[in-house]
Amino acid sequence: MNAETAVPELAEPNLRRLLGTAGLDVEYVSGEGNVLHRRTADGSLTPVLDLAGGYGSLVLGHNHPEIVARARELLDARSPVHAQFSSHPYANELATELNRIIHRELGVSEPYYATFANSGAEAVEAAVKHAELDRGLRLSSILDTIAARAEEARTAVLSGAATVPAPVYERLGVTRPARDEDGVALLIAEAERRNTAVAGRAPVLLALEGGFHGKLIGSVQLTHNEGYRAPFAALGLRTRFVPMDRPDVLKEVMEQERGTLYEIRQRAGRVEVAEHDHPTYCAFLLEPIQGEGGIRPLSRKFAEDIQQFGRDTDCPVVVDEVQSGMGRTGALLASSALGLRGDYYALAKALGGGIAKAAVMLVRETRYRPEFELVHSSTFAKDSFSCHIALKVLELLEAEDGRAYRQATERGEALAAMLQRIGAAFPDVVKEVRGRGLMQGFEFHDQSRARDARLAEAARSGLFGYVIAGHLLHAHGIRTFPTASAVHTLRFEPSLLLTDEEIGLLDRALTDVCQIVREQASERLAVPS
């Protein structure tokens with residue numbers, strides 16, 4: 001029951017209750033730039049500095065005036081949302097503009113084909129589905145070739161045009177019969193048996209420890225947090241999680257998961273056994289900066305290791321730019337600064353300008369399978385409204401020779417410098433400050449053994465970051481949250497409109513928090529009214 005309205009709480013009541021324990025269950029009624037206005041108990045509105053930024057969705061701020069104006073134009077023009085299975089020139093225009101920027105950032109010219117979606121998790125799942133379709137088609141092609149060559153070998157032996165040397169039988173562990181006519185049939189049967197066993201294995205998906213790729217049936221199995229993943233494991237994919245900066249683990253995976261397909265063929269009158277690498281890997285998913293894992297940037301060296309692994313194993317790399325992309329780190333793709341080139345990209349969140357529900361999966365031409373367009377679709381994707389809003393977002397980012405990217409870089413550096421100063425002043429409280437651009441993480445030392453009982457209990461129950469967020473909201477008028485899988489880390493993902501005054505406000509607020517934690521004085525934490 002909602003105590004304020006006496007109306008039964010039916011919209012995720014447990015979540016509302018949990019938010020209430022930290023004082024985060026407030027109602028926001030308007031927003032502009034980095035400021036939200038929340039309704040207080042007496043009905044008045046109070047400004048709140050929003051540094052959560054829609055989990056990365058608001059790189060241009062709440063209700064950017066040019067985006068709002070464009071939305072009004074589209075609505076006034078009655079731009080269609082439901083015009084599926086027709087020509088969508090605006091979607092092609094958006095895909096073309098994304099390609100233009102990506103080509104500039106990566107220094108490549110190969111096109112990326114676009115499949116549109118409504119959310120980041122949907123874009124990730126589209127990438128995995130496409131990668132599996134590609135893997136399956138490649139496997140079928142190899143098996144078709146093997147079958148055709150086996151039949152050629154059988155025909156050659158039966159006609160007396162080819163013989164079967166003894167080492168061929170030994171190679172596959174087949175006892176040599178008296179006649180090669182019988183032997184070639186045994187060899188083909190054994191190769192088929194082995195190939196069927198290998199081909200029937202579930203594909204291997206790889207993802208990084210600490211990674212987050214969504215909470216849908218497929219994407220949750222690519223998300224490392226066991227609390228999200230384990231309850232649905234029976235429905236899931238086969239995913240191996242790789243620790244950050246461990247190329248040795250990549251080598252272990254390569255060795256452990258290797259599969260071989262055997263081909264019986266004849267050359268120059270002799271039957272022989274050839275080997276094909278089995279397309280074992282569906283995809284390797286990564287975030288250039290792990291968002292929910294604690295704002296942890298991927299190192300350039302490990303990005304290179306993953307890229308090389310992909311080349312060595314023919315494993316496509318899916319770069320999840322849902323939270324890190326769209327200018328937040330000073331470029332459309334945060335991964336471009338690492339020299340990383342994805343076979344797939346997932347973009348969402350800020351693509352919709354904080355208004356439209358827009359996402360896109362991009363796949364490079366050498367991986368692209370046109371068949372995918374007939375087996376995957378999304379009701380609201382690729383509509384006129386969201387595509388035109390996304391085009392406006394790109395226009396704003398690219399205006400004045402990319403002034404928005406430079407602004408994001410400069411504002412991110414100013415924010416990071418302030419956070420680093422606080423970290424240096426409170427090394428006993430702050431474990432690490434990390435991130436890039438306007439995507440910064442502020443990690444506290446674990447407080448589960450704190451002297452202060454309230455701080456210790458909050459840490460042990462996984463609520464420490466939320467309690468701190470509640471204090472920031474009620475004592476300082478600042479909105480942020482901990483990252484979902486690293487709850488001792490606060491996230492700061494403001495828009496590029498961030499001012500020095502707003503940075504100063506956060507400076508004073510975090511200094512207050514760090515003093516409270518240092519002094520183990522939880523009684524000074526703001527108690528929500």
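The values are calculated or read from the model by the stated rules, or taken from the named source; none is laboratory data. Since this is a predicted model, take the numbers as computed values, not measurements. Cβ placement follows ideal geometry from the backbone for every residue including glycine, while neighbour counts extend to all protein chains displayed.
Among (1) at pLDDT 95 or above; (2) assigned to a loop (DSSP other than H, G, I, E, B); (3) closer than 30 Å to Asp144 by Cα; (4) touching a strand residue (DSSP E or B) at 6+ places or on another chain (Cβ under 6 Å), there is one condition Pro177 misses while meeting the rest; what is its number?
Only one criterion is unmet by Pro177, namely (4).
Can you name every residue in the range 67-102 that is within 17 Å of Ser377 (Cβ to Cβ) and buried (at least 18 other Cβ atoms within 10 Å of the Cβ)?
His88, Ala91, Ala95
Kindly indicate whether Pro494 is part of a loop (DSSP other than H, G, I, E, B), over 22 Å from Ala22 (Cα atoms), of a type outside the set (D, E, K, R) and at pLDDT 95 or above. First the steps, then the outcome.
Details: part of a loop (DSSP other than H, G, I, E, B): yes; over 22 Å from Ala22 (Cα atoms): no; of a type outside the set (D, E, K, R): yes; at pLDDT 95 or above: yes.
Answer is no for this residue.
Answer with yes or no whether Gly61 is within 19 Å of the chain's Cα centre (by Cα) and within 15 Å of Ala350 (Cβ to Cβ). Steps first, answer last, please.
Working: within 19 Å of the chain's Cα centre (by Cα): no; within 15 Å of Ala350 (Cβ to Cβ): yes.
Against the criterion (within 19 Å of the chain's Cα centre (by Cα) and within 15 Å of Ala350 (Cβ to Cβ)), Gly61 does not qualify.
Enumerate the helices (runs of 4 or more DSSP H) found wholly within the range 180-274, keeping only those where 3 or more residues are surrounded by 15 or more Cβ atoms within 10 Å (Cβ to Cβ) and modelled with pLDDT of 95 or more.
Filter on the range 180-274 gives 180-199, 247-256.
So Phe442 clears everything in (1) among the hydrophobic types (A, V, I, L, M, F, W, C); (2) in a helix (DSSP H, G or I); (3) in contact with a strand residue (DSSP E or B) (Cβ under 7 Å, 6 or more places away or on another chain) except one condition, right? Which one?
(2)
Within the range 140-156, identify whether any single residue is touching a strand residue (DSSP E or B) at 6+ places or on another chain (Cβ under 9 Å), in a helix (DSSP H, G or I) and either over 29 Å from His276 (Cα atoms) or at pLDDT below 95 (or both), and answer yes or no.
no
If you take the residues of the range 316-338 that are part of a loop (DSSP other than H, G, I, E, B) and of a type in the set (S, T, N, Q), which of them is farthest from Ala123 (Cα to Cα)? Break it down stepwise before answering.
Step one: of the range 316-338, the residues part of a loop (DSSP other than H, G, I, E, B) are 316, 321-333.
Still in the list and also of a type in the set (S, T, N, Q): 323-324, 329.
Numbers: Gln323: 12, Ser324: 14, Thr329: 21 Å.
For the range 316-338, the residue satisfying everything is Thr329.
Got at least one residue in the range 502-520 being of a type in the set (A, V, I, L, M, F, W, C), surrounded by fewer than 23 Cβ atoms within 10 Å (Cβ to Cβ), on the phi < 0 side of the Ramachandran plot and not in a helix (DSSP H, G or I)?
No, there is no match, as no residue in the range 502-520 is of a type in the set (A, V, I, L, M, F, W, C), surrounded by fewer than 23 Cβ atoms within 10 Å (Cβ to Cβ), on the phi < 0 side of the Ramachandran plot and not in a helix (DSSP H, G or I).
When the residues of the range 422-438 are narrowed to those that are outside any loop (DSSP other than H, G, I, E, B) and free of Cβ contacts under 8 Å to residues at least 40 places away in the same chain, which ends up surrounded by the fewest Cβ atoms within 10 Å (Cβ to Cβ)? Walk me through it before giving the result.
Just the residues of the range 422-438 that are outside any loop (DSSP other than H, G, I, E, B), to begin with: 422-425, 430-436.
Adding the requirement that they be free of Cβ contacts under 8 Å to residues at least 40 places away in the same chain leaves 423-424, 432-433.
Details: Gly423: 19, Ala424: 10, Glu432: 16, Val433: 21.
Here the answer is Ala424.
Could you grab me the full set of residues in the range 162-195 that are among the small types (Gly, Ala, Ser) and closer than 27 Å to Leu139 by Cβ? Give the derivation first.
First, the residues of the range 162-195 that are among the small types (Gly, Ala, Ser): 162, 166, 173, 178, 183, 185, 189, 191.
Those that are among the small types (Gly, Ala, Ser) and closer than 27 Å to Leu139 by Cβ: Gly173, Ala185, Ala189, Ala191.
Residue pairs, Cβ under 6 Å, 6 or more apart or interchain, first in the range 271-283 and on the phi < 0 side of the Ramachandran plot, second in a strand (DSSP E or B) and surrounded by fewer than 17 Cβ atoms within 10 Å (Cβ to Cβ). List them.
Glu275/Thr260
Examine the range 455-476 for a residue that is among the aliphatic types (A, V, I, L, M), surrounded by fewer than 16 Cβ atoms within 10 Å (Cβ to Cβ) and modelled with pLDDT of 95 or more, and state whether such a residue exists. Can you show your working first?
To start, the set of residues in the range 455-476 that are among the aliphatic types (A, V, I, L, M) comprises 455-456, 458-459, 463, 467-469, 472-473, 475.
Subset that is surrounded by fewer than 16 Cβ atoms within 10 Å (Cβ to Cβ): none.
So far as the range 455-476 goes, no, none of its residues is among the aliphatic types (A, V, I, L, M), surrounded by fewer than 16 Cβ atoms within 10 Å (Cβ to Cβ) and modelled with pLDDT of 95 or more.
Kindly indicate the residue of the range 14-55 that is hydrophobic (A, V, I, L, M, F, W, C) and loosely packed, with under 13 Cβ neighbours inside 10 Å and also nearest to the chain's Cα centre (by Cα) among those meeting that condition. Walk me through it before giving the result.
Applying the first criterion (hydrophobic (A, V, I, L, M, F, W, C)) to the range 14-55 yields 15, 18-19, 22, 24, 26, 29, 35-36, 41, 45, 48-49, 51-52.
Still in the list and also loosely packed, with under 13 Cβ neighbours inside 10 Å: 15, 29, 41.
Working: Leu15: 24, Val29: 30, Ala41: 38 Å.
Looking at residues that are hydrophobic (A, V, I, L, M, F, W, C) and loosely packed, with under 13 Cβ neighbours inside 10 Å, I get Leu15.
Suppose we keep only residues that are polar (S, T, N, Q) and in a helix (DSSP H, G or I) within the range 296-315. Which one would you say is surrounded by the fewest Cβ atoms within 10 Å (Cβ to Cβ)? Working first, answer last.
Filtering the range 296-315 down to residues polar (S, T, N, Q) leaves 299, 307-308, 313.
From what is left, the residues that are in a helix (DSSP H, G or I) are 307-308, 313.
Details: Gln307: 17, Gln308: 12, Thr313: 20.
Among those residues, the one meeting the criterion is Gln308.
Okay, residues lined up against (1) more than 15 Å from the chain's Cα centre (by Cα); (2) in contact (Cβ under 8 Å) with a residue 60 or more places away in the chain:
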position: Gln323; (1), (2): no, yes
position: Thr329; (1), (2): yes, yes
position: Ala334; (1), (2): no, yes
position: Tyr344; (1), (2): no, yes
position: Leu351; (1), (2): no, no
position: Met361; (1), (2): no, yes
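Restricting to the range 377-396, give me the number of residues that are among the charged types (D, E, K, R), farther than 17 Å from Gly120 by Cβ and part of a loop (DSSP other than H, G, I, E, B). Lay out the reasoning, then the answer.
Going residue by residue through the range 377-396, those that are among the charged types (D, E, K, R) are 382-383, 392, 395.
Those left that are additionally farther than 17 Å from Gly120 by Cβ: 383, 392, 395.
Then drop every residue that is not part of a loop (DSSP other than H, G, I, E, B), which leaves 383.
The qualifying residues number 1.
Report the residue count in the range 339-351 for those that are surrounded by fewer than 23 Cβ atoms within 10 Å (Cβ to Cβ) and assigned to a helix (DSSP H, G or I).
Start the filter on the range 339-351 by keeping residues that are surrounded by fewer than 23 Cβ atoms within 10 Å (Cβ to Cβ), which leaves 339-341.
Okay, now just the ones that are also assigned to a helix (DSSP H, G or I), so none.
Residues that pass the stated criteria total 0.
Inside the range 103-121, can you point out the residues that are surrounded by 22 or more Cβ atoms within 10 Å (Cβ to Cβ) and part of a helix (DSSP H, G or I)?
Within the range 103-121, Gly120, Ala121 meet the criteria.
Would you check which residues across the range 358-390 are over 22 Å from Leu285 (Cα atoms), crowded, with 19+ Cβ neighbours inside 10 Å and not small (Gly, Ala, Ser) and list them?
Lys382, Asp383, Phe385, Cys387, His388, Ile389
Restricting the range 391-420 to residues that are free of Cβ contacts under 8 Å to residues at least 40 places away in the same chain and either within 14 Å of Phe116 (Cβ to Cβ) or not acidic (Asp, Glu) (or both), which is surrounded by the most Cβ atoms within 10 Å (Cβ to Cβ)? Can you show your working first?
The first filter runs over the range 391-420 and keeps only residues free of Cβ contacts under 8 Å to residues at least 40 places away in the same chain, leaving 395, 399-403, 410, 413, 416-417, 420.
If we keep only those that are either within 14 Å of Phe116 (Cβ to Cβ) or not acidic (Asp, Glu) (or both) as well, we get 399, 402-403, 416-417, 420.
Numbers: Ala399: 11, Gly402: 17, Arg403: 13, Ala416: 19, Ala417: 11, Gln420: 16.
Per the criteria, the residue is Ala416.
As an exercise: evaluate Gly435 against (1) on the phi < 0 side of the Ramachandran plot; (2) at pLDDT 95 or above and give the number of the one condition it does not meet.
So Gly435 meets the others, but not (1).
List pairs: first residue in the range 439-456 and under 30 Å from Leu497 (Cβ atoms), second residue acidic (Asp, Glu) anywhere in the structure, Cβ distance under 6 angstrom, at least six positions apart or on different chains.
Taking only residues 6 or more apart or on different chains, the pairs are Met439/Glu493; Glu443/Glu432.
Sort out which residues of the range 482-509 are over 19 Å from the mean Cα position of the chain (by Cα) and closer than 14 Å to Leu58 by Cβ, and write them in order of number.
Passing the criteria: Pro494, Ser495, Leu496, Leu497, Leu498, Glu502.
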